[in-house]
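What follows is one structure encoded as structure tokens, with my remarks underneath.
The values are calculated or read from the model by the stated rules, or taken from the named source; none is laboratory data. Note that this is a predicted model, so its numbers are computed, not measured. Positions of Cβ are generated from backbone atoms using ideal geometry, with glycine treated the same way; all protein chains shown enter the neighbour counts. Surface accessibility is based on the protein's heavy atoms, side chains included, excluding ligands, DNA and RNA. Shrake-Rupley method; radii C 1.70, N 1.55, O 1.52, S 1.80 Å.
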Amino acid sequence: MKITHKHIEEILDFQISDSLRSKIDSFDLQYRELTADERDAYILNFVNVLTNDITKSGEHRLVEWEAGWGENLSKFKETKNIGDIIPMYHGKNKIVKWMGEPVMPLTENFDYKIHISFVDAILQHYMKDIKNIFEFGCGPGYHLIRLREFNKEIGLHGCDWTIASQEIIHKINESLGTNINCSNFDFFNPDYSLNIPESSGIYTIAALEQIGDNFKDMVDFLIEKNPELCIHMEPIDELLDNNKLIDNLSIKYFRKRNYLNKFLTYLECLERDGKVVIIKKQRIFTGSYFTEGHSLIVWKPKTK
Ligand SMILES: C[S@@+](CC[C@H](N)C(=O)[O-])C[C@H]1O[C@@H](n2cnc3c(N)ncnc32)[C@H](O)[C@@H]1O
């Protein structure tokens with residue numbers, strides 16, 4: 001079985017550019033269904049993981065994120081190979097999720113390739129008229145590099161609470177001649193001195209997930225800064241189906257890791273209060289071994 005640009009267009013409900021269609025199809029995203037034994041083994045392992053201790057996300061994890069991105073930084077400094085900034089968590093487990101089920105990829109780097117296919121399709125579509133784009137929780141900034149290739153004119157800005165992230169972005173600029181801006185920024189304590197100019201859009205990818213139910217300061221910050229558009233690709237319990245086994249396990253994993261919790265419910269409350277407009281909320285039916293963690297929410301402050 002093979003995933004093509006048509007599957008992605010069907011899920012996202014818009015047409016993607018010819019160049020991105022060709023790129024996605026060139027990835028040759030092949031997979032097969034699991035055998036009954038493989039599926040049983042997968043579920044058994046999942047249940048075991050859920051019943052053991054797992055590292056929870058939160059403020060205490062800064063040191064680990066610094067160390068993780070520090071490793072990418074050292075490698076990149078040594079090799080100058082842009083492939084070395086790609087997070088090592090891609091491809092950690094072989095099995096991935098597709099259409100709500102675990103499947104076995106047959107293509108190398110399948111989870112990375114399908115991830116960037118969705119990210120690029122979403123950013124290119126929703127941000128097409130935006131002049132400045134900010135990624136919050138950008139880590140090594142690899143999504144920003146692809147945005148730079150897509151459009152040389154957009155102002156790009158990567159924000160992250162790790163210093164290693166800014167160091168990597170400086171090195172990328174030196175090495176590729178790009179001009180990506182960067183700032184140290186903590187979701188737990190948003191920095192209001194960060195200038196978000198007219199015609200700006202912001203996005204987060206698997207980054208707000210790290211703050212559990214501590215997202216209100218960040219939402220207040222965004223409403224105050226008033227960007228044209230906010231895009232999130234994050235774990236959203238509310239969009240999965242608790243009555244389905246694999247979704248239910250995914251939700252249990254989100255809770256066990258203390259991932260983003262009730263974020264969509266909160267935005268919906270703000271929408272009822274007339275403070276924000278939700279433009280899109282949907283699952284994207286792809287994910288990693290444990291989670292379908294990149295559901296899409298697009299919203300904007302109401303004043304726009
Ligand atoms: C799973 S990584 C995602 C990185 C990147 N957005 C991507 O798509 O691969 C989570 C990112 O969130 C950042 N992060 C975690 N907690 C944060 C916080 N409180 N403030 C800002 N960034 C944070 C981490 O440093 C890391 O770069």
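Residues are listed down the side, and each one gets a yes or a no for (1) among the small types (Gly, Ala, Ser); (2) at pLDDT 95 or above:
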{"residue": "Phe14", "(1), (2)": "no, yes"}
{"residue": "Ser19", "(1), (2)": "yes, yes"}
{"residue": "Ile43", "(1), (2)": "no, yes"}
{"residue": "Gly58", "(1), (2)": "yes, no"}
{"residue": "Glu66", "(1), (2)": "no, yes"}
{"residue": "Gly70", "(1), (2)": "yes, yes"}
{"residue": "Ile82", "(1), (2)": "no, no"}
{"residue": "Lys97", "(1), (2)": "no, yes"}
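Tallying residues that are open to solvent by 10 Å² or more (accessible area, probe 1.4 Å) and part of a helix (DSSP H, G or I) within segment 248-270 yields 12. Scoring Met1 on the criteria (1) within 16 Å of the ligand (Cβ to nearest atom); (2) of a type in the set (A, V, I, L, M); (3) open to solvent by 30 Å² or more (accessible area, probe 1.4 Å) leaves a single failure, condition (1). Of the residues Asp84, Asp53, the single one that is open to solvent by 10 Å² or more (accessible area, probe 1.4 Å) and either under 20 Å from Lys171 (Cα atoms) or in contact (Cβ under 8 Å) with a residue 12 or more places away in the chain (or both) is Asp84. Among the residues making up segment 110-130, those that are modelled with pLDDT of 95 or more and either among the basic types (Lys, Arg) or in a loop (DSSP other than H, G, I, E, B) (or both) are Lys113, Met127, Ile130.
Residues checked against (1) acidic (Asp, Glu); (2) away from the ligand (no atom under 16 Å from the Cβ):
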site: Asp25; (1), (2): yes, yes
site: Asp28; (1), (2): yes, yes
site: Lys56; (1), (2): no, no
site: Pro105; (1), (2): no, yes
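Apart from one condition, His232 fits all of (1) touching a residue at least 12 places away in the same chain (Cβ under 8 Å); (2) within 27 Å of Phe46 (Cα to Cα); (3) assigned to a helix (DSSP H, G or I); the exception is (3).
When segment 271-304 is filtered for residues that are outside any loop (DSSP other than H, G, I, E, B) and of a type in the set (S, T, N, Q), the ones remaining, listed by number, are Gln282, Thr286, Ser295. Within segment 235-247, restricting attention to residues that are assigned to a helix (DSSP H, G or I) and closer than 16 Å to Met99 by Cβ, the residue that is most open to solvent (accessible area, probe 1.4 Å) is Leu245.
Within segment 131-161, the set of residues being in contact with a His (Cβ under 9 Å, 6 or more places away or on another chain), outside any strand (DSSP E or B) and within 7 Å of the ligand (Cβ to nearest atom) comprises Cys138 only. Only residues that are closer than 27 Å to Pro105 by Cβ and touching a Gly at 6+ places or on another chain (Cβ under 9 Å) were counted in segment 258-294, giving 8.
For Ser193, indicate whether it is out of contact with any strand residue (DSSP E or B) (no Cβ under 7 Å at 6 or more places or on another chain), of a type in the set (Gly, Ala, Ser) and more than 27 Å from Glu78 (Cβ to Cβ). The answer is yes for Ser193.
Please find, within segment 61-99, the residue that is farthest from Tyr112 (Cα to Cα) out of those that are away from the ligand (no atom under 16 Å from the Cβ) and part of a loop (DSSP other than H, G, I, E, B). Selected residue: Lys80.
So which of Tyr203, Tyr253 is within 18 Å of Gly58 (Cβ to Cβ) and among the hydroxyl-bearing types (Ser, Thr, Tyr)? Being within 18 Å of Gly58 (Cβ to Cβ) and among the hydroxyl-bearing types (Ser, Thr, Tyr) holds for just one of Tyr203, Tyr253, which is Tyr253. Taking the condition open to solvent by 10 Å² or more (accessible area, probe 1.4 Å), within 15 Å of the ligand (Cβ to nearest atom) and either in contact with a helix residue (DSSP H, G or I) (Cβ under 8 Å, 6 or more places away or on another chain) or not in a loop (DSSP other than H, G, I, E, B) (or both), does Ser175 pass? The answer is no for Ser175.
Evaluate the following for Phe118: is it touching a residue at least 40 places away in the same chain (Cβ under 8 Å), within 14 Å of the ligand (Cβ to nearest atom) and either open to solvent by less than 10 Å² (accessible area, probe 1.4 Å) or within 19 Å of Glu292 (Cβ to Cβ) (or both)? In short, yes. The set of residues in segment 182-214 being among the aromatic types (Phe, Trp, Tyr) and surrounded by 21 or more Cβ atoms within 10 Å (Cβ to Cβ) consists of Phe185, Phe187, Tyr203.
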